[in-house]
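The values are calculated or read from the model by the stated rules, or taken from the named source; none is laboratory data. Note that the coordinates shown come from a computational prediction; the quantities given were computed from them, not determined experimentally. As a convention, Cβ positions derive from the backbone with ideal geometry for all residues, glycine included, and neighbour counts pool all protein chains shown.
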C-alpha cells in the first residue's frame, strides 16, 4: 500500500458516521493535486429516479474540501463558495468526482471538480473555494 492508499483509507475511515458515509461516498484516490471519490446513484436520487443535483454538489464539495486539507499539509478547510453546472441525468450506477487545484494559497484555495458517470461522460462541473487554516 502506498501513501495514496493510506490517505484514501484514512479519509474513508474518518468519514464514518457523517453525511459522506450516508451518501455512500468512497475515496478512491487522495494525494496532493488530485482527490477522487465515487458515489452510488441509488439512494441519492430525486423522486423521479434521477441523481439529485444536490447530491452532486455534496460530492463536489467533499472532494474539493479534502483536496484543500491535503494541499494545506494537514490544515483545515471550510467551503466558502460552490457552484455547479449539471450536464446530464444519471439513473443508475455510480458517479466519480475528481478535484484538481485551480489555486492553492495560504488562506484560500479553489478547485475544479469534474463529475462523470460510469461511461466517463460529463455529469456535472463544479468549482469550490475554501478558506484554509494551516496548523
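Every residue, every condition in (1) on the phi < 0 side of the Ramachandran plot; (2) under 11 Å from the mean Cα position of the chain (by Cα); (3) surrounded by 20 or more Cβ atoms within 10 Å (Cβ to Cβ), yes or no:
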residue	(1), (2), (3)
40	yes, no, no
49	no, no, no
60	yes, yes, yes
65	yes, yes, yes
85	yes, no, no
124	yes, no, yes
130	yes, no, yes
Task: Boolean, residue 74 is more than 11 Å from the chain's Cα centre (by Cα) and assigned to a helix (DSSP H, G or I) - done: no
TODO: Among the residues of region 28-46, write down those that are assigned to a strand (DSSP E or B) and either in contact (Cβ under 8 Å) with a residue 40 or more places away in the chain or touching a strand residue (DSSP E or B) at 6+ places or on another chain (Cβ under 8 Å) (or both).
DONE: 28, 29, 30, 34, 35, 36, 37, 38, 39, 40, 45
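Given the criteria crowded, with 18+ Cβ neighbours inside 10 Å and modelled with pLDDT of 95 or more, does residue 77 qualify? Break it down stepwise before answering.
Working: crowded, with 18+ Cβ neighbours inside 10 Å: yes; modelled with pLDDT of 95 or more: no.
Spelling it out, it is not the case that residue 77 is crowded, with 18+ Cβ neighbours inside 10 Å and modelled with pLDDT of 95 or more.
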